[in-house]
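Visitor: Starting off with a structure, shown below.
The values are calculated or read from the model by the stated rules, or taken from the named source; none is laboratory data. Quantities reported herein were computed from a predicted structural model and do not represent experimental measurements. Cβ: placed from backbone, ideal geometry, glycine included. Neighbour counts: every protein chain shown.
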Amino acid sequence: MEKRQTIPKGNLVQKNKNPFYTFFEYQTIYCGDKAGCLPKGIFNPLWEAIDNNVYRLKTSHKKSYDDSSEDKNIFLHGSEKQEKFIKSCNFVGVIKIKDHVLEILPKITKRNNKETTDSDIEFGRKVFLEMLKLNKELLFKDFGEVQLNTERYPLLEVFIKMFINEVTKLSRQGLKSSYNAIEANEIFLKGKLLFSENIKKNPFRLDRFYVRYDEYNLNRPENRLIKSTLCYLMRLTSSNANYKNINHLLSYFEQIKPSTDYRSDFILCISDRSVRHYQKVLSWCEVFLTKNSFVPAGGQEEAFSFLFPMEEIFETYVAKKLKRLARDEYKDNQVKIQDDSSFFTKDPDGFRMRPDIVVSNKNKTVIVDTKWKVLSKYKDFRPSSEDMYQMYAYGKKYEAQTVVLLYPEPADLEFDKAASSSIKTEYTVFDDIKIKTMFVSYSNEDDSIDESVNKSLRAVLDEANS
């Protein structure tokens with residue numbers, strides 16, 4: 001039976017409101033009151049939601065080059081020795097179930113058979129938020145504007161803070177007004193008198209007029225959606241600072257009615273130059289109000305999710321960092337992302353080959369494939385046979401002398417310096433193709449995460465120039 005791992009109960013930012021629990025990808029969670037377990041009031045609703053296929057990644061959301069036709073599980077669940085368990089797959093983020101928030105962090109900062117510490121949790125958040133900065137989603141482009149030490153707070157509070165920052169900037173620029181058609185039974189004649197409605201409403205009231213007129217005010221769909229999001233997040237947040245800031249922002253929306261139909265109001269939002277500064281705020285509104293998040297799993301009010309597929313996050317992060325380094329420091333190298341110019345079969349309508357990264361110069365071509373996998377200490381940090389076969393096919397087709405399998409550095413390897421100097425990282429296969437395993441390191445005592453990652457990626461580019 002797998003050893004149970006501790007789920008820290010979290011440092012509650014505000015007492016008795018939305019307590020949160022933190023765990024890691026692929027960590028096994030049991031039901032109970034002991035350490036390493038979730039209370040029954042949280043475990044059972046989560047189990048039921050998984051059982052009803054609420055947490056499944058829809059096929060339509062998968063990458064265009066993913067040929068698999070099946071939906072993917074965000075969680076696994078089952079029984080072991082008559083004891084139920086839940087295990088998260090390779091998704092990171094937050095889930096709200098009833099009054100509790102579950103936080104899932106990247107597995108790279110969790111060492112096997114070691115008790116989770118606060119520093120593990122804070123470093124896991126820090127690494128994940130660093131990767132989000134280069135994510136393709138527009139929402140995270142200005143992540144650096146969020147205050148420092150965000151790793152001390154649950155991810156949900158960080159995302160709420162990012163939304164607050166965007167609404168604050170919007171409020172300073174000024175909320176947009178527009179003309180809104182109003183029908184009302186007024187004591188004055190204004191606009192157009194609606195004769196049929198006036199007869200119905202005022203058969204004996206000569207001092208009343210049922211009219212339609214246009215009024216220039218702030219009550220437009222964009223502002224209604226923002227107010228609804230602020231009201232929703234005021235109930236959701238556990239942070240006193242976020243609560244206070246939301247309450248302050250609501251004063252700018254005092255004359256605006258909350259949206260009563262989110263989807264209709266999103267359709268009514270216009271997208272011209274006059275409201276371009278609303279774009280990012282409305283994207284956040286859509287995430288929070290429609291529960292779409294970044295993984296379109298089924299959404300429920302009691303099972304709100306804010307999840308990210310780590311394979312895509314890691315792949316995008318590494319590709320963009322590598323391309324920037326090549327542009328700035330290795331100018332003779334060309335870097336292609338998701339190159340799809342080659343086929344596995346002679347038939348041009350056959351299977352396309354799409355290596356993550358192709359680095360080439362006038363002397364050498366190196367294929368780099370990113371794998372969001374933590375290699376096991378108990379298997380001497382060796383890659384899987386499937387990964388090796390795939391790399392050989394890439395090397396053969398692209399006539400590459402070297403193929404690199406790029407993994408996140410396992411926490412066990414980082415802390416075991418003896419192991420890191422003795423593991424095998426290079427394999428020569430048929431046709432003299434060299435397959436190398438290399439690691440992206442996020443931790444260095446003397447460097448920031450950004451510089452530590454850059455050092456790892458320079459080693460990859462050096463391989464192409466050796």
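Visitor: Can you find, within region 101-140, the residue that is surrounded by the fewest Cβ atoms within 10 Å (Cβ to Cβ) among those that are modelled with pLDDT of 80 or more and under 14 Å from F306 (Cα atoms)?
Guide: Only one residue fits best here, namely L129.
Visitor: Additional query: Could you please find all residues in region 208-225 being modelled with pLDDT of 85 or more and of a type in the set (D, E, K, R)? Don't jump to the end; show me each part of the working.
Guide: Residues of region 208-225 modelled with pLDDT of 85 or more: 208-212, 218-225.
Within region 208-225, R208, R212, R220, E222, R224 meet the criteria.
Visitor: How many residues, within region 66-92, are at pLDDT 85 or above and surrounded by 23 or more Cβ atoms within 10 Å (Cβ to Cβ)?
Guide: The number of residues fulfilling the criteria is 2.
Visitor: Follow-up question, since we're still on this one. State whether one or more residues within region 179-196 are crowded, with 19+ Cβ neighbours inside 10 Å and under 37 Å from the mean Cα position of the chain (by Cα).
Guide: no
Visitor: Looking at region 199-224, I want the residues that are on the phi < 0 side of the Ramachandran plot and have a partner that is part of a strand (DSSP E or B) and hydroxyl-bearing (S, T, Y) with Cβ atoms under 6 Å, at least 6 apart or on another chain. Which pairs are those?
Guide: K201/Y210; D214/Y179; Y216/Y179; R220/S178
Visitor: What single numbered condition from (1) under 29 Å from F24 (Cα atoms); (2) touching a Lys or Arg at 6+ places or on another chain (Cβ under 8 Å); (3) at pLDDT 90 or above; (4) not polar (S, T, N, Q) fails to hold for I164?
Guide: Of (1) under 29 Å from F24 (Cα atoms); (2) touching a Lys or Arg at 6+ places or on another chain (Cβ under 8 Å); (3) at pLDDT 90 or above; (4) not polar (S, T, N, Q), only one is false for I164: (2).
Visitor: Does L156 satisfy being touching a Gly at 6+ places or on another chain (Cβ under 9 Å) and modelled with pLDDT of 85 or more?
Guide: Working: touching a Gly at 6+ places or on another chain (Cβ under 9 Å): yes; modelled with pLDDT of 85 or more: yes.
So L156 fits the description; yes.
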